[in-house]
Amino acid sequence: MTFDVRRVRAAYPALNDGYAYLDGAAGTQVPAAVIEAIADTYRSGIGNAGGAFPASERADAIVAECRRAVADLTGGEPDGVILGPNMTTLTYRLADTLSRRWGPGDEVVVSRLDHDANVRPWVQAAERSGATVRWAEVDSSTAELPVSQYAGLLCERTRLVAVTAASNIVGTRPDVPAIAAAAHAVGALCYVDGVHATPHVPVDVRALGADFYATSAYKWSGPHVGALAAEPALLETLHPDKLAPAPSGVPGRFERGTSPYADLAGVAAAVDHLAALDPSAAGTRRERVLASMAAVERYEGQLFTRLLGGLASMRHVTLYGKAARRAPTAFFTVAGYTPRDVAARLAARAINVWNGDNYAWELAGAFGLRDSGGGVRAGLVHYNDEAEVDRLLAAVAELAPGGVS
Ligand SMILES: Cc1ncc(COP(=O)(O)O)c(C=O)c1O
């Protein structure tokens with residue numbers, strides 16, 4: 001199938017403003033169907049969940065459908081999908097809950113490839129419980145996270161291994177199944193940050209070996225909602241703090257307060273949008289999601305090759321990361337300009353890119369960029385096209401000494 005990016009772009013009202021949205025790694029735009037699903041929730045009348053009247057039953061139905069949709073996206077079980085404000089909040093919640101079982105002598109393993117949201121909650125929970133933190137290091141010349149080091153990091157006292165499915169600045173996709181298998185071999189749990197990977201590749205939490213898989217709908221065309229997929233049987237063993245009258249079952253006991261029902265309707269609509277990206281895909285929503293995300297991966301891969309090739313040909317550009325398997329996210333610096341200046345120059349050309357460490361705090365440190373303003377991040381998603389990539393390349397080329405690279 002050839003990926004019909006014109007058709008895809010037409011679904012997004014915001015893409016008509018003339019900007020090249022190469023900031024998708026920080027959050028995507030939203031298709032009209034998602035906006036409509038959110039607006040329709042309010043138009044139809046919505047109550048709090050759990051009541052005896054139709055507007056409340058609609059809220060219950062929205063929550064149930066949202067769990068089914070996230071399960072279809074990730075390959076998990078609807079009853080194992082915890083919904084919350086964002087990945088950071090959910091990860092802190094799980095770190096708080098899991099670390100109650102930890103004590104001195106226990107160990108947790110985090111990586112320097114990860115966004116800080118999959119580092120600091122575990123480091124701080126370990127500090128509180130007296131557990132020891134071990135660090136998986138990145139090869140800063142390639143931005144690979146070598147799996148071989150995990151043999152030396154794990155022991156029978158390891159309780160948890162936290163690792164990302166893709167770096168949010170350089171796109172590195174480490175060998176999560178191998179890391180999870182190593183964790184399981186010593187009886188540890190594996191917490192996978194799927195925030196950056198989910199928009200770019202077909203996801204199967206069981207194939208990854210993820211005991212927990214965190215994702216954020218606003219990275220894949222949905223509203224600002226986070227979700228965590230886990231086996232319901234595992235969640236049954238965990239007891240987070242909760243209000244006395246709040247649900248005691250799983251996954252409800254992990255969710256705090258009243259849910260944003262309209263946004264949850266938008267999450268399900270976003271999964272439907274992803275499932276339809278390959279219009280020739282047939283079968284269940286899960287099957288259509290897998291086919292569509294495979295098409296997205298191929299399309300984005302071609303676009304990324306064009307982007308990387310163009311940037312690599314410019315002598316005034318330094319590119320970071322060259323992992324074998326990557327999400328389509330480029331991180332670079334430009335000689336003579338701070339990353340912020342580059343982003344501002346590109347913004348003046350109606351091109352959105354991010355600058356800084358993008359919360360990949362440890363990795364920015366490993367690259368030696370933490371104190372110099374980080375880098376420039378251009379992230380592709382499925383609605384970007386060749387014309388946008390070429391605009392970015394032309395604008396970066398203009399920053400060469402003398403104006404041409
Ligand atoms: C890889 C990765 N992990 C975690 C997060 C944090 O996600 P949230 O904003 O949902 O807390 C981000 C956000 O940019 C991210 O890119």
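Some observations on this one:
- Identity of the residue in segment 222-232, in a strand (DSSP E or B) and of a type in the set (A, V, I, L, M, F, W, C), that ends up farthest from the ligand (Cβ to nearest atom): Ala230
- Scope segment 172-221; condition among the small types (Gly, Ala, Ser), assigned to a loop (DSSP other than H, G, I, E, B), more than 10 Å from the ligand (Cβ to nearest atom) and open to solvent by less than 10 Å² (accessible area, probe 1.4 Å); matching residues: Ala188, Ser221
- Any chance Gly47 is open to solvent by less than 70 Å² (accessible area, probe 1.4 Å), in contact (Cβ under 8 Å) with a residue 40 or more places away in the chain and small (Gly, Ala, Ser): no
- Where Leu274 falls short, out of the listed (1) more than 20 Å from Asp72 (Cβ to Cβ); (2) crowded, with 18+ Cβ neighbours inside 10 Å: (1)
- Inter-residue pairs, beta-carbon under 6 Å, first over 11 Å from Ala69 (Cα atoms) and in segment 278-292, second of a type in the set (Gly, Ala, Ser) and part of a helix (DSSP H, G or I), 6+ apart: Asp278/Ala291; Asp278/Ser292; Asp278/Ala295; Ala281/Ala291; Ala281/Ser292; Arg288/Ala275; Ser292/Ala275
- Note on segment 107-119: residues that are more than 11 Å from the ligand (Cβ to nearest atom) and out of contact with any Leu (no Cβ under 7 Å at 6 or more places or on another chain) total 2.
- Hits in segment 67-90 - residues which are within 13 Å of the ligand (Cβ to nearest atom) and part of a helix (DSSP H, G or I): Met87, Thr88, Thr89, Leu90
- Residue in segment 334-344 that is buried (at least 23 other Cβ atoms within 10 Å of the Cβ), within 20 Å of the chain's Cα centre (by Cα) and either in contact (Cβ under 8 Å) with a residue 40 or more places away in the chain or not in a loop (DSSP other than H, G, I, E, B) (or both) present: no
- Within segment 222-250, residues that are open to solvent by 70 Å² or more (accessible area, probe 1.4 Å) reach partners that are not in a loop (DSSP other than H, G, I, E, B) with beta carbons closer than 6 Å, at six or more positions or on different chains, in the pairs His224/Tyr218; Glu231/Gly80; Lys242/Arg253; Pro247/Arg253.
- First in segment 356-371 and of a type outside the set (Lys, Arg), second anywhere and open to solvent by 30 Å² or more (accessible area, probe 1.4 Å) and assigned to a strand (DSSP E or B), Cβ under 6 Å, 6 or more apart: Phe367/Tyr320
- Of everything listed in (1) within 18 Å of His200 (Cβ to Cβ); (2) buried (at least 22 other Cβ atoms within 10 Å of the Cβ), the single unmet condition for Asp385 is (2).
- Restricting segment 233-269 to residues that are of a type in the set (Val, Ile, Thr) and over 18 Å from the mean Cα position of the chain (by Cα), the residue that is nearest to the ligand (Cβ to nearest atom): Thr258
- Picking from residues in segment 120-131 that are crowded, with 17+ Cβ neighbours inside 10 Å and more than 16 Å from the ligand (Cβ to nearest atom), the one that is farthest from Asp96 (Cα to Cα) is Ala131.
- Remark: Ala166 matches the filter, which requires a residue to be in contact with a Lys or Arg (Cβ under 8 Å, 6 or more places away or on another chain) and over 12 Å from Thr74 (Cβ atoms).
- Considering residues of segment 139-154 that are in contact with an Asp or Glu (Cβ under 7 Å, 6 or more places away or on another chain) and surrounded by 15 or more Cβ atoms within 10 Å (Cβ to Cβ) only, the residue farthest from Ala178 (Cα to Cα): Gln149
- The set of residues from segment 233-271 being hydroxyl-bearing (Ser, Thr, Tyr) and assigned to a helix (DSSP H, G or I) comprises just one member, Tyr261.
- All positions within segment 103-115 that are in contact (Cβ under 8 Å) with a residue 40 or more places away in the chain and either of a type in the set (Gly, Ala, Ser) or open to solvent by less than 30 Å² (accessible area, probe 1.4 Å) (or both): Gly105, Asp106, Glu107, Val108, Val109, Val110, Ser111, Leu113, Asp114
The values are calculated or read from the model by the stated rules, or taken from the named source; none is laboratory data. The structure displayed is predicted, hence computed values, not measured ones. Please note: Cβ atoms are built from the backbone with ideal geometry, for glycine as well, and neighbour counts cover all protein chains shown. Ligands, DNA and RNA are excluded from the accessible area calculation, which covers all protein heavy atoms including side chains. Shrake-Rupley method; radii C 1.70, N 1.55, O 1.52, S 1.80 Å.
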